[in-house]
Amino acid sequence: MQEQAHGGNLSWAAALAGCPPDAILDFSASISPLGPPDSVITAITSELGNLRNYPDPDYSDLRLALSHFHQIHQDCILPGNGSAELLTLVGRDLASLSATVLVTPAFGDYYRALQAYDARVLSLSVDLTTDLLINFNVHPRIGVSLDINREESGLLINNPHNPTGKLFVWESIVPYLEQFALVVVDEAFMDFVPPEQEQSMIALVEEYENLVVLRSLTKFYSLAGLRLGYAIAHPDRLATWKSWRDPWPVNTLAVAAAIAALKDIEYQVNSWEWLPTARKFLFDGLSSLPGLKPIPGAANYLLVESEYSTVELQRQLLQRYQILIRDCASFKELGDRYFRVAVRSQLDHETLLTALHFMTRNRQ
């Protein structure tokens, strides 16, 4: 069985480790270990009787809940079957432009979505030394031609950045709204950033018709199996996207789960209080190991630079300890000297750090 580029492939990992999938300690998928919230489970159970009926094709209740949550008009919201479906729509939209500038290293699904419609893709390397996006006019490692017509091109970025966890300040993105025909900001991990630190672009959507913000409810609320995301953009753009896709992309149980999750203030606060401490413990533990250098980030994962082959490290962690880390082979700019790990519980961190301690010590 071939490993997929996305994390969380437990079937592949279990086959390599020689154990059942539920025996794998999964650090490869950046999903909150705190959920799903009890309120969401209750909401799902209450909707089981409605499975005989089709969902509301307009998802009015869900869009209303999201509009209250983000303080934005519900006509600017389009729910989707996870971010993957919405990225496909993004790819089709961007492919109509002369080029798309992609901030790299980039999530592998961006390439899938863009290549599906033969979009012209230009790479722009992220700068890990600053919380600003690279200045197109002064950065020496731009990696793209300055001759492109930005008024006929698009820009695709994620914030916090995946896989580095870097959080760009929103003011550094705003200038590009005046330069590019379409700017897409994937904020799949923004929920993990406390409100006082958040750098979301959502408040600007009603001002800029060329801005699209993508969000996910599956990572923060630990609902990856339900597949639920949403796009926030100008209503005319969303109406076009809706005409491109199949009806009823979001199922009844996912709708109920989302509405309940958005109302669960206690769960949200607990998550914001848990993450910084848990992330620091993991960061400090990785920093103490020879040959490993974690990169500070604002999300629920850490990118780690390694002196060792991470493909080999991943294989040995699976076969010896049934632990799965995310290699960065799908991030072509990183190669075999980086891996990514999700922030989990302290016990899980201790298990990982102990395994890595023995493995790195034996390589000295």
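Bear in mind these aren't lab numbers, they're just calculated from the coordinates by the rules spelled out. Here the structure is a predicted model, which is why all the values come from computation and not from measurement. All Cβ positions, glycine included, derive from the backbone under ideal geometry; neighbour counts span all protein chains shown.
Residues of segment 268-310 that are within 18 Å of Ala188 (Cα to Cα) and of a type in the set (Phe, Trp, Tyr): Trp272, Tyr301.
Counting the residues of segment 174-201 that are of a type outside the set (Phe, Trp, Tyr) and either surrounded by fewer than 20 Cβ atoms within 10 Å (Cβ to Cβ) or more than 17 Å from Ala231 (Cβ to Cβ) (or both) gives 14. With a requirement of 2 or more residues that are small (Gly, Ala, Ser) and in contact with a Lys or Arg (Cβ under 8 Å, 6 or more places away or on another chain), the helices (runs of 4 or more DSSP H) lying completely within segment 216-323 that satisfy it span 265-287. The number of residues in segment 235-276 being crowded, with 18+ Cβ neighbours inside 10 Å, within 20 Å of Leu87 (Cα to Cα) and either touching a Gly at 6+ places or on another chain (Cβ under 8 Å) or of a type outside the set (D, E, K, R) (or both) comes to 7. Being under 30 Å from Pro247 (Cβ atoms) and in contact with a Phe, Trp or Tyr (Cβ under 8 Å, 6 or more places away or on another chain), is that true of even one residue in segment 10-30? Checking segment 10-30: not a single residue is under 30 Å from Pro247 (Cβ atoms) and in contact with a Phe, Trp or Tyr (Cβ under 8 Å, 6 or more places away or on another chain). Just give me the residues in segment 194-235 being touching a residue at least 60 places away in the same chain (Cβ under 8 Å), over 21 Å from Asp61 (Cβ atoms) and small (Gly, Ala, Ser), in sequence order. Scanning segment 194-235 gives Ala203, Ser222, Ala224. Taken over segment 15-39, residues that are in contact (Cβ under 8 Å) with a residue 24 or more places away in the chain and more than 18 Å from the chain's Cα centre (by Cα) amount to 9.
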